[in-house]
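K.L.:
One structure follows; several queries about it will come next.
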Amino acid sequence: MKKTLTNKRLLYRIVQTSLLQLTLAIVFSSIAMATPVKGQSMLDRKVSVNVSDIALEKVLLQLEKEAQVKFSFNSRALQLDRPVSINATNEPLSSVLTRLLKPLKIKHIQVSNRIVLRKENASTTGLWENEPPTKSLEYQQTESIVTGTVTDENGQGLPGVSVLIKGTQRGTTTDAVGKYKLALSDNNEVLVFSFVGYLSQEIKIGSQTTLNVSLKLDTKALEEVVVVGYGVQRKKDLTGAVSTINSEMFKERKETQVAQALQGAMSGVTVTRNGANGAMGGATIRIRGVTTIGDSNPLVIVDGVPVSDVNQVNPNDIENLSVLKDAASASIYGSRAASGVILITTKRAKTDQASIQYSYENGFDTPTQLPDYMRAQRYMELVNELRWNDAGNGANRFPTFSQDLLTDYNQKHLSDPDRYPDTDWMALTLNKIAPREAHSISVIGGSKFVKSNASVRYEKVGGFYDNKNYNRIFVRSNNDFTINKLIGGTVDFNFKRTNALDPTASDPLYRTRISSPIYPAIWADGRIADGKAGENVYAKVKYGGTDRNTYNQVGGRLALDLKPIEGLKLSGIIAPIFDFNNQKRFNKKVDIYAANDPNQYVVSLIGGGLTTRLDENRTTNYSITTQLLANYLKTIGNHDFTALAGYENYYFKGESMGASRDQYLFDTYPYLNQGPAAFRDNFGTAFETAYRSYFGRLTYSYKDKYLIQANVRRDGSSRFNANYRWGTFPSVSAGWVISEEDFFKRQNLVSFLKLRASWGTLGNERIGNYPSVGIMNFSNALFYQNNLVTAQQTAAQVQYAIQDISWEKTASTDLGLDAYFLKNRLRLTADVYYKETKDMLLALQIPIFVGFENPNQNTGVMTTKGIDLDLGWTDNIGKLRYSASLNLSQFQSVMGDLGGTEFIGDRIKRKGSQFDEWYGYRSEGIYQTQEDVNNSPKLNTNVKVGDMKYTDISGPNGVPDGRISPEYDRVLLGSSQPQWMYGGNFKLDYNGFDLGVTFQGIGYQNTSLLSYTDYNAENWGVFPVYMDGSTWSMNNTADQNLAAKYPRFTETNKGLNRALSDFWLFNGGYFRLKNITLGYTIPQNISRKIMSNNIRFYINATDVFSLNKYPKGWDPEGMGIVSTVLGGFTIGF
């Protein structure tokens, strides 16, 4: 066995090393493709030149261009205007330079990536002459002063304009009337004039001493290119509802998960977080509310390829993210776009770009809130009160814990904690902070022919209890190549690996929260205790085994682009994705021994498994997307046309298998072959799905004033029967840019104004894999034969086939307005929309004797209406630049005809109700007297004083019948969905300092208190501190009971009192300070001393605080939400 383990460790190290080598090879080989060759090969490049009596300066320029090199020299010493002649054909550059420069007594030598030229008889120090050489063909520095005035388009002076020497931090700002004065050391320097709301200008000084500049209004926000389905459009040309965010937002928020970073970032996008895994927890994204009873998750596209969710991408790799919210923008994706589309574009390199950037972050997570629970003595007193209430409030007020036990219990605990426990389960089990750190490196290189952007990011996040942590690594390499003006393409690669470790203990946060303090977790001598009959969450977390999930994803994208004629681009794309998910769950049996006798067995820990057992599961997924695209652009006078035609094919196959062994004798070897064969098991399953699509888009624009767009997509899905497989999804939209009309140009308030309207249909085919097929399931049954257990294979049809089952269809109408005011400083986007989903899949009731579960049918209808608002402001005061934004959303989803089906519970879905609307009783408070109990309708005969009182709404005959019943007295109590979601941010930038503040929240949400006021859970759990003194009690005065917030403690009538009613509903809206980032960028004249062009330090805090009406200790998004504090730096070269 030892040899086997040694070999496995060796193999693990080899694989680990190989993975590191592969990662480094990908990064640096990608950059190597994009970086010009260095070393001696620079002088070996072949050049051809034929000149006669041409100035040396022009010949050097020609050679720079021909050989793609840079010359450095002192321009005064070389006499650049002297004429030279040379004739060379396909000769090495070194030979040509020798022939050209030797007669002039000029030497050449290569230094790094430049060729230095100097006089042979010059007095030098090292390689340089009397002063360092300037950049290629720049002249000797001289001292001069330049002055001038900066005005707007109307000739008015602009105060506060930034005037900088390009490539430096040297500069000045204009005064109150727009004048400036600046000293220069070189007439060849370039001045950069910039001002918020205006286009920047770069002007070379030359011999000028006075330079007046007129800045033009900046319309780049309108000229900005927005990613849409299978292409891009100018923002000003959009006729659909599209929201975008860029890489700066992800840079500021520092969220680990993309989904969490989107919370509050834009209107119409609702993000609900899951706090179970802290900062690494998932989140549910809804675009414009709920679209269907089934799957309402949006479609996610990364660089044109569909992926499972937004968190498959490193946030640092995102260049921009677009959300397609209406049918006009999303219908190009047809059957998968009913719930909206998220388009992510990752970063790519640009021509003549070369940089390396490294970032490091270190910090910690801490829970935003944790509820308090009563300690042992008060807990026992309340348990006694609860049991006394249930026993009829007789003479015995100590039915469970005696008065002698309660007397001086705290002192008894100090002297004998084993007999008198007082366990703080949260403090014992949970860590106060969870450390985290991250490293990122990106390398970018771009030449005329190849451009590459490669990045690696590693993150490690700790957990709030033992045996819980998370780490992941991202690798991405995006490469663009250009062969000639007709042929180009891309080769992309991405890799993701995550390792998640959890204890095998079931739901530690919940078990920690309910565990009673009167049960011991640890004996006084340090050994683990039995808790409540083996229920010891602390010990189970720490010693009960681990559940490790390892996920690897490898993906790529290969595209070939052809441009046969002007305006036409043909693209062929293939993009495979491979997923490998491994789970290894090793539960350990933990035996507990008596406090006074280490050899006396008491019990084994429960809450995750009683035996030592190993489960190993493997899941392998494979998908491939192929696309053929044709994009055409044509302008004829004032008429602009674009056209898109495309074909797409998608195939997915998933396979999973698992094996297990139980009753291990030893818990130190978690391998299948070490377990007893008599307790082995295994399973396997697989499925596949595919779709094929044809789609097209036409857009037309007249004078950038009148805009029309039409989309259509035809999808075929393998999920449906062949006769019902195809669906067609069209859309049309139009826009009117009113600000381009002549009559509108005579005012200065509104810079841009556009009205939009759209209509279209979308589909949903995510309804299960084979709903139209009768599926056979195979299994095994165990029988006794001759006193032996024998397995016999069985088979049964488990699904009734509905052959004509087909798409869910959503029709969407949108009206929108885009307006910019005050020279584009103030921006407003507003939309109102209406969606109707038909043919939703609902269970069809069939007779029980048929032998199948109720199959689905296309029958349900649901409508959603809402509004989206986005408001932004950008301006500056002198050197202070600032901006602010606010977004607001509201929606309401109402159920239509559901074919007679009703979903009844505390939340209901039936015709006329809102989606998941609260459904319960109308309350009249708490019974205060026995007379009131006797004279009121009741839910049952056990109702006592201190219980809930409900209103008699109706009866079998439609009128109140003198009794409370769930059939006739429950009513709709209002939506459970969030209302008036909002978010916003403020940004400040001054002299290298930057500050960003982000907030988000919900204006109103009908929320139930029931989960926050639970007590005596599982008949032994704790009582929340905030309920003590606020609960109706026989020990209170009459006035205290009139002011009580909660009904009496009881177990027998708990279901009656805690049935859903308006008594338990409150406004769960909240305001959250989401993020604060403070950064400082070191001036370039300092950072360049270490050859860096950018050094930035920052501190960041996420989920800082919230204002809400939730009970004390509860975060409005649930237990497990964390505050994160980070510090870090970024350095670029």
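The values are calculated or read from the model by the stated rules, or taken from the named source; none is laboratory data. Since the model is a prediction, treat every value here as computed from it, not as a measurement. Every residue, glycine among them, receives a Cβ derived from its backbone with ideal geometry; neighbour counts consider all protein chains shown.
K.L.:
Counting only residues that are surrounded by 18 or more Cβ atoms within 10 Å (Cβ to Cβ) and either among the charged types (D, E, K, R) or under 31 Å from the mean Cα position of the chain (by Cα) (or both), how many does the range 641-650 have? Working first, answer last.
P.N.:
At the first step, the residues of the range 641-650 found to be surrounded by 18 or more Cβ atoms within 10 Å (Cβ to Cβ) are 642, 644, 646, 648, 650.
Still in the running and either among the charged types (D, E, K, R) or under 31 Å from the mean Cα position of the chain (by Cα) (or both): 644, 646, 648, 650.
Total meeting the criteria: 4.
K.L.:
Starting from residues that are assigned to a loop (DSSP other than H, G, I, E, B) and aromatic (Phe, Trp, Tyr), keep the ones in the range 898-956 and report whichever is surrounded by the most Cβ atoms within 10 Å (Cβ to Cβ). So that I can check it myself, show each step before the final result.
P.N.:
Taking the range 898-956 first, the residues assigned to a loop (DSSP other than H, G, I, E, B) are 898-902, 904-906, 910-913, 915-916, 922, 927-929, 935-947, 951-956.
Narrowing further to those that are aromatic (Phe, Trp, Tyr): 915, 927.
Numbers: Phe915: 25, Tyr927: 23.
If we take residues in the range 898-956 being assigned to a loop (DSSP other than H, G, I, E, B) and aromatic (Phe, Trp, Tyr), then Phe915 is surrounded by the most Cβ atoms within 10 Å (Cβ to Cβ).
K.L.:
Evaluate the range 555-563: report whether one residue or more is farther than 30 Å from Lys350 by Cβ, in a strand (DSSP E or B) and touching a strand residue (DSSP E or B) at 6+ places or on another chain (Cβ under 7 Å).
P.N.:
no
K.L.:
Filter the range 365-400 down to the residues that are part of a loop (DSSP other than H, G, I, E, B) and free of Cβ contacts under 8 Å to residues at least 40 places away in the same chain and list them by number.
P.N.:
Initial filter on the range 365-400 (part of a loop (DSSP other than H, G, I, E, B)): 368-372, 374-375, 391-400.
Across the range 365-400, the qualifying residues are Ala391, Gly392, Gly394, Ala395, Asn396, Arg397, Phe398, Pro399, Thr400.
Residue-wise test of (1) surrounded by 16 or more Cβ atoms within 10 Å (Cβ to Cβ); (2) β-branched (Val, Ile, Thr); (3) touching a Ser or Thr at 6+ places or on another chain (Cβ under 9 Å).
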position	(1), (2), (3)
Ala559	yes, no, yes
Ile573	yes, yes, yes
Ile592	yes, yes, yes
Asp597	no, no, no
Gln600	no, no, no
Thr612	yes, yes, no
Asn617	yes, no, yes
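K.L.:
Could you count how many residues in the range 848-889 are farther than 30 Å from Leu995 by Cβ and assigned to a strand (DSSP E or B)?
P.N.:
Our first condition is that a residue be farther than 30 Å from Leu995 by Cβ; within the range 848-889, this holds for 848-867.
Remaining after also requiring assigned to a strand (DSSP E or B): 856-867.
Qualifying residue count, the range 848-889: 12.
K.L.:
Is it the case, given these coordinates, that Asp1014 is farther than 30 Å from Ser885 by Cα and within 36 Å of the chain's Cα centre (by Cα)?
P.N.:
Working: farther than 30 Å from Ser885 by Cα: yes; within 36 Å of the chain's Cα centre (by Cα): yes.
Yes: the conditions hold for Asp1014.
K.L.:
Scan the range 1059-1068 and give yes if some residue there is within 30 Å of Arg253 (Cα to Cα) and either modelled with pLDDT under 95 or of a type in the set (Gly, Ala, Ser) (or both), otherwise no.
P.N.:
If we filter the range 1059-1068 for residues that are within 30 Å of Arg253 (Cα to Cα), which is where we start, we get 1067-1068.
If we keep only those that are either modelled with pLDDT under 95 or of a type in the set (Gly, Ala, Ser) (or both) as well, we get 1068.
The answer is yes, given that some residue of the range 1059-1068 is within 30 Å of Arg253 (Cα to Cα) and either modelled with pLDDT under 95 or of a type in the set (Gly, Ala, Ser) (or both).
K.L.:
Related question: Gly240 passes all but one of (1) over 25 Å from Leu871 (Cα atoms); (2) crowded, with 23+ Cβ neighbours inside 10 Å; which number fails?
P.N.:
Failed condition: (1).
K.L.:
Now a separate question. Quick one: would you say Ser506 is within 31 Å of the chain's Cα centre (by Cα), in a loop (DSSP other than H, G, I, E, B) and more than 22 Å from Lys451 (Cα to Cα)?
P.N.:
Numbers: within 31 Å of the chain's Cα centre (by Cα): yes; in a loop (DSSP other than H, G, I, E, B): yes; more than 22 Å from Lys451 (Cα to Cα): yes.
Against the criterion (within 31 Å of the chain's Cα centre (by Cα), in a loop (DSSP other than H, G, I, E, B) and more than 22 Å from Lys451 (Cα to Cα)), Ser506 qualifies.
K.L.:
Quick one: how many residues across the range 808-860 are modelled with pLDDT of 90 or more, aromatic (Phe, Trp, Tyr) and over 25 Å from Ala338 (Cβ atoms)?
P.N.:
2
K.L.:
Something else about it: State the number of residues belonging to the range 525-550 that are crowded, with 16+ Cβ neighbours inside 10 Å, farther than 15 Å from Asp424 by Cα and of a type in the set (S, T, N, Q).
P.N.:
2
K.L.:
Any idea which residue in the range 651-660 is farthest from Leu558 (Cα to Cα), counting only those that are surrounded by 15 or more Cβ atoms within 10 Å (Cβ to Cβ) and touching an Asp or Glu at 6+ places or on another chain (Cβ under 9 Å)?
P.N.:
At the first step, the residues of the range 651-660 found to be surrounded by 15 or more Cβ atoms within 10 Å (Cβ to Cβ) are 651-652, 654, 656, 658-660.
Those still in the list that are touching an Asp or Glu at 6+ places or on another chain (Cβ under 9 Å) too: 651-652, 654, 658-660.
Details: Tyr651: 17, Phe652: 18, Gly654: 23, Gly658: 34, Ala659: 37, Ser660: 40 Å.
Within the range 651-660, the match that is farthest from Leu558 (Cα to Cα) is Ser660.
K.L.:
For the range 44-105, which helices (runs of 4 or more DSSP H) that fit wholly inside it have 1 or more residues that are surrounded by 14 or more Cβ atoms within 10 Å (Cβ to Cβ), β-branched (Val, Ile, Thr) and out of contact with any Phe, Trp or Tyr (no Cβ under 7 Å at 6 or more places or on another chain)? Give the derivation first.
P.N.:
Values: elements: 56-67, 75-78, 93-101.
Where helices (runs of 4 or more DSSP H) fall fully within the range 44-105 and carry at least 1 residues being surrounded by 14 or more Cβ atoms within 10 Å (Cβ to Cβ), β-branched (Val, Ile, Thr) and out of contact with any Phe, Trp or Tyr (no Cβ under 7 Å at 6 or more places or on another chain), they are 56-67, 93-101.
K.L.:
I would also like to ask the following. Considering Ser339, Ser359, which residue is in a loop (DSSP other than H, G, I, E, B), among the hydroxyl-bearing types (Ser, Thr, Tyr), crowded, with 19+ Cβ neighbours inside 10 Å and touching a residue at least 24 places away in the same chain (Cβ under 8 Å)? Even if it seems obvious, please write down each step before you answer.
P.N.:
Details: Ser359 fails: in a loop (DSSP other than H, G, I, E, B).
When all the criteria are applied, what remains is Ser339.
K.L.:
What do you reckon, is Ile332 β-branched (Val, Ile, Thr), farther than 20 Å from Ile577 by Cβ and outside any loop (DSSP other than H, G, I, E, B)? Please lay out each step first, then the result.
P.N.:
Working: β-branched (Val, Ile, Thr): yes; farther than 20 Å from Ile577 by Cβ: yes; outside any loop (DSSP other than H, G, I, E, B): yes.
In short, yes.
K.L.:
Taking Gln553 and the conditions (1) surrounded by 18 or more Cβ atoms within 10 Å (Cβ to Cβ); (2) in contact with a Gly (Cβ under 9 Å, 6 or more places away or on another chain), which numbered condition does it fall short on, given that it satisfies the others?
P.N.:
(2)
K.L.:
Here's something else I'd like to know. Specify the residue that is surrounded by the fewest Cβ atoms within 10 Å (Cβ to Cβ); the eligible residues are those in the range 815-839 that are among the basic types (Lys, Arg) and in a strand (DSSP E or B).
P.N.:
Of the residues in the range 815-839, the ones among the basic types (Lys, Arg) are 823, 825, 827, 835, 838.
With the extra rule that they be in a strand (DSSP E or B), the set shrinks to 827, 835, 838.
On the way: Arg827: 20, Lys835: 25, Lys838: 18.
Once the filter is applied, the top-ranked residue is Lys838.
Yes/no per residue for (1) modelled with pLDDT under 95; (2) not hydrophobic (A, V, I, L, M, F, W, C):
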{"site": "Ala529", "(1), (2)": "no, no"}
{"site": "Ala533", "(1), (2)": "yes, no"}
{"site": "Tyr538", "(1), (2)": "no, yes"}
{"site": "Asp547", "(1), (2)": "no, yes"}
{"site": "Val554", "(1), (2)": "no, no"}
{"site": "Ala559", "(1), (2)": "no, no"}
{"site": "Gly567", "(1), (2)": "yes, yes"}
{"site": "Leu570", "(1), (2)": "no, no"}
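K.L.:
Considering each of Arg697, Arg719, Arg725, Arg714 in turn, give the residue that is under 14 Å from Gly240 (Cβ atoms) and not polar (S, T, N, Q).
P.N.:
On the way: Arg719 fails: under 14 Å from Gly240 (Cβ atoms); Arg725 fails: under 14 Å from Gly240 (Cβ atoms); Arg714 fails: under 14 Å from Gly240 (Cβ atoms).
Selected residue: Arg697, the only one of Arg697, Arg719, Arg725, Arg714 that is under 14 Å from Gly240 (Cβ atoms) and not polar (S, T, N, Q).
K.L.:
Being surrounded by 20 or more Cβ atoms within 10 Å (Cβ to Cβ), in a strand (DSSP E or B) and in contact with a Pro (Cβ under 9 Å, 6 or more places away or on another chain) is the filter here; which residues of the range 997-1025 pass it?
P.N.:
Of everything in the range 997-1025, those that are surrounded by 20 or more Cβ atoms within 10 Å (Cβ to Cβ), in a strand (DSSP E or B) and in contact with a Pro (Cβ under 9 Å, 6 or more places away or on another chain) turn out to be Gly1001, Ile1002, Thr1007, Pro1024.
K.L.:
Considering each of Lys485, Lys432, Lys496 in turn, give the residue that is under 21 Å from the mean Cα position of the chain (by Cα) and either closer than 27 Å to Leu570 by Cα or surrounded by fewer than 21 Cβ atoms within 10 Å (Cβ to Cβ) (or both).
P.N.:
Numbers: Lys485 fails: under 21 Å from the mean Cα position of the chain (by Cα); Lys432 fails: under 21 Å from the mean Cα position of the chain (by Cα).
Exactly one of Lys485, Lys432, Lys496 is under 21 Å from the mean Cα position of the chain (by Cα) and either closer than 27 Å to Leu570 by Cα or surrounded by fewer than 21 Cβ atoms within 10 Å (Cβ to Cβ) (or both), namely Lys496.
K.L.:
While we're on this one: With (1) more than 30 Å from Val773 (Cβ to Cβ); (2) at pLDDT below 90; (3) not hydroxyl-bearing (Ser, Thr, Tyr) as the list, and Asp868 as the residue in question, which single condition is left unmet?
P.N.:
(2)
K.L.:
Regarding the range 803-826, can at least one residue be identified that is more than 30 Å from Ser296 (Cβ to Cβ), outside the structural domain of Gly268 (by TED's automatic domain parsing), β-branched (Val, Ile, Thr) and touching a residue at least 40 places away in the same chain (Cβ under 8 Å)?
P.N.:
Residues of the range 803-826 more than 30 Å from Ser296 (Cβ to Cβ): 819-826.
Checking the rest, the ones that are also outside the structural domain of Gly268 (by TED's automatic domain parsing) come to 819-826.
Remaining after also requiring β-branched (Val, Ile, Thr): none.
No, because not a single residue in the range 803-826 is more than 30 Å from Ser296 (Cβ to Cβ), outside the structural domain of Gly268 (by TED's automatic domain parsing), β-branched (Val, Ile, Thr) and touching a residue at least 40 places away in the same chain (Cβ under 8 Å).
K.L.:
I've got another one for you. Name the one entry in Ala1017, Ala1043 that is of a type in the set (A, V, I, L, M, F, W, C), more than 30 Å from Val1104 (Cα to Cα) and in contact with a helix residue (DSSP H, G or I) (Cβ under 7 Å, 6 or more places away or on another chain).
P.N.:
On the way: Ala1043 fails: in contact with a helix residue (DSSP H, G or I) (Cβ under 7 Å, 6 or more places away or on another chain).
Criteria check complete, one pass: Ala1017.
K.L.:
Could I ask something else about it? Hey, Ser1011 hits all of (1) modelled with pLDDT of 95 or more; (2) not assigned by TED's automatic domain parsing to the domain that holds Ile953 but one; which does it fall short on?
P.N.:
With (1) modelled with pLDDT of 95 or more; (2) not assigned by TED's automatic domain parsing to the domain that holds Ile953 applied to Ser1011, the lone miss is (1).
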